[in-house]
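Structure first, commentary second.
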Amino acid sequence: VRCAGPPPRFDVSPDRPYVSTARRPFTSAWLAGETAACALLPAPTDPAARAAAVHRAAGPVSAPVMAALRAATPDPHPAQAAHLAALACGEAACVVTGQQAGLFGGPLYTLHKAASVIAHARALTDESGRRCVPVFWLQSEDHDFAEIATCHLVDQGHAPLAVSVPGDPAEADRSVGARRLGPPVEAALDRLAHSLPDGPHRAATLALLRQHYRPDASPVAAFAGLMDALFRAHGLLLLDPRAPGLAAAARPVHRFALDQAGPIAAALTARARALAEAGFKVQVHVRPRAPLSFYHPAGPDGPRARLVPDGPDAWALPDGARLPRAGAGDAPGHFSTSALLRPLLQDTWLPTAAYVGGPGEIAYLAQVGPLYPLAGQPQPLAIHRNRFWLTTPALERTLGHLGLGADDLSAPRAELLTRLGTAGAGQIEPAALAAALIEPLSATLDDFAPTAAAVDRGLAKAATRARRRMARLAERLADRYARDLARNDATTRARLDRARAWLRPGDGPQERTLNWAAFGPAIGPEALVARLVDAATPFDPVERTLCL
């Protein structure tokens, strides 16, 4: 990383960070093509611009990074071997995605990301005529073990199931890459084996998880092994930023983050203000003059600390110690990236043409844009990942009985019960009940209106208010009637709850909650991944229903 000349000037003091109270999501506006959003992060809509980005990015990969890529695939599939050879020759560009090392693979959107990056790499290869290699960045520098330690599934009774691995309090301050799963992972696997739905591929699903999730494995190593097994045939490469040999390769990025902490904070603060003034939520708070690198006093496997300025010559640590600024960035392995620095590290190591991410990551990329001109690098394309509702033939039959689609399940349960009650309402439909109550009253008030107006204007207004109140009461009674009809239909209620367990587990999006293993027994791990890769549509993130 090189600082491209003197830092630009901004109208915001780095000592007074801009704190946004805006709540409008950036990514939804960006996907809609709003000018304000696309001015802050260009959208990848032009094929010629996409091809140009690929050619601009393509280039050599350093020996340490190539060694780390090879180490993550010690027995590469021919598709992976071809990608490794192209990168080693300096002929290729990369299309990158990444994710935390969630238990047993984490939520479904982890697989959606991997399938998306493969599909987009193929599409950009076709557009540009230059090989684009899909790379999955392992978030091994993350420290939030609790966030990755629970896996959500659906049990044999179609009820939500949460399986967790408790963390060791003694390791609470260590990165997930430095921790071990320990014996509790075996108990979690046993619970999974007891509760996982039946299906022809149930044994294969469990065997794959047991192969990689062992007590002696770190969460990152287990996750990496699983992702490689699932996606190796599609050429996906993995990169762990904490792999041995990469500490020295990270040194220029951390030196840049430390030496340019003031200009970086000013640039990011100005960008935060621009986002907020456009009405968008700012994802990450920027600390005045604080570097985007974390410091690990005891080395890479030890706890991390946030540095704060302590005069012109040193950084202060939380325990009161001081770290001299001179040469601080030259300590290999003693620094790790924050969320705002990680993209720059990734794009310094890899010839990145594009990053494929979800809504939160797209918003991050809009926020970190000013880092790239400061570092003298072009910012890669930002591409939104594909999104899926996964169903099975049995689940489709359930939805058919209910007369609902997968996207209908996003509505609150009470609202769905009302709708289903209305559809099967016995002697009188709820809407007919409301009409039968309201229509005679409305006719009477219509006849009374001229008399009321002649007697007193206030009386006419009171009659109008009475009409509204009585209409609301009639509608509330009809809604109650519809809900009670649905509640009395045990079959309908059971079908709805079964569908919600699969498509709206815990009232949250399926892709952000359920683990892939919930579908593994029905279709098998390899077939599930193949269906996702085939269904991923480049540059088209509209959510789709995919029946497995």
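Brief remarks follow.
- Taken about its Cα centre, the chain carries a charge dipole of roughly 800 debye when the Cβ of each Lys and Arg holds +1 and the Cβ of each Asp and Glu holds -1.
- Antiparallel content of DSSP bridges confined to the chain, in %, to 5: 40
- The stretch 383-442 and the stretch 336-365 have Cα centres lying 41 Å from one another.
- Using the 1.4 Å probe convention, the accessible area of the stretch 180-334 works out to 41 Å² per residue with neighbouring protein chains retained.
- Potential extension, C547-T45 segment - 0.36 nm per residue separation minus Cα distance: 177.9 nm
- Accessible solvent surface per residue of the stretch 355-439, calculated while the other protein chains remain in place, 1.4 angstrom probe, Å²: 38
- Compared with the dominant Cα axis of the chain, that is its longest principal axis, helix 247-259 is turned about 70°.
- Ligands, DNA and RNA left out, the 1.4 Å accessible surface of the stretch 314-356 is 56% carbon and sulfur atoms.
- The C-alpha atoms of the chain define a longest principal axis, and helix 359-368 lies at about 50 degrees to it.
- Candidates V455, L409, A522 compared by Cα position along the dipole of the stretch 403-548: farthest toward the positive end lies V455, with charges placed on Cβ.
- Gyration tensor verdict on the stretch 477-516 (Cα atoms; rounded if a/c is under 1.5, prolate if a/b is larger than b/c, oblate otherwise): oblate
- Surface share of carbon and sulfur [accessible, 1.4 angstrom probe, percent] for the stretch 361-493: 55
- Where labels lie 7 Å past Cα in the beta-carbon direction, separation of A432 and A462 in nm: 3.7
- For a label point 7 Å along the Cα-to-beta-carbon line of L445, residues of the stretch 471-512 with backbone N under 13 Å: 471-475
- Stretchable slack from R493 to Y372, in nm (0.36 nm times residue separation minus alpha-carbon distance): 38.2 nm
- When T451, T348 are compared by accessible surface with a 1.4 Å probe, the order from highest to lowest is T451, T348.
- Relative contact order (percent, whole number), the stretch 128-276, Cα cutoff 8 Å, 6+ residue spacing: 28
- Ordering of 95-103, 432-440 by packing is 95-103, 432-440, highest average first (other Cβ atoms within 10 Å, averaged per residue).
- Additional length obtainable on full extension of the chain from D126 to E186, 0.36 nm per residue less Cα span: 17.2 nm
- Label point distance in nm, D319-A85, each placed 7 Å from Cα along Cα→Cβ: 5.1
- Accessible carbon and sulfur surface of the stretch 121-263 relative to its total accessible area, %, 1.4 Å: 51
- For the stretch 223-381, the pair-distance distribution built from all alpha carbon pairs, in bins 10 Å wide starting at 0, is 10, 35, 35, 17, 3, 0 percent.
- Between the beta carbons of D75 and E34, assuming R0 = 45 Å, the FRET efficiency works out to 0.45 to the nearest 0.05.
- Per residue of the chain, the DSSP helices (runs of n ≥ 4 H) give a summed -39500 (n - 2.57) that works out to -15000 deg cm²/dmol at 222 nm.
- Size descriptor, Kirkwood hydrodynamic radius, that averages inverse alpha-carbon separations across the chain, Å: 26.3
- Structural size metrics of the stretch 364-420, computed from C-alpha coordinates, are Rg and Dmax of 21.1, 59 Å.
- Annotation: amide H-H contacts under 5 Å for A101 (H modelled 1.01 Å from N, sequence separation of 5 or more, or interchain): Q139.
The values are calculated or read from the model by the stated rules, or taken from the named source; none is laboratory data. Predicted model only: the values in this text are computed from it and were never measured. All Cβ positions, even for glycine, are placed from backbone atoms using ideal geometry, and neighbour counts span all protein chains on display. Remember, those area values only see protein heavy atoms, side chains included, never the ligands or the DNA or RNA. Shrake-Rupley method; radii C 1.70, N 1.55, O 1.52, S 1.80 Å.
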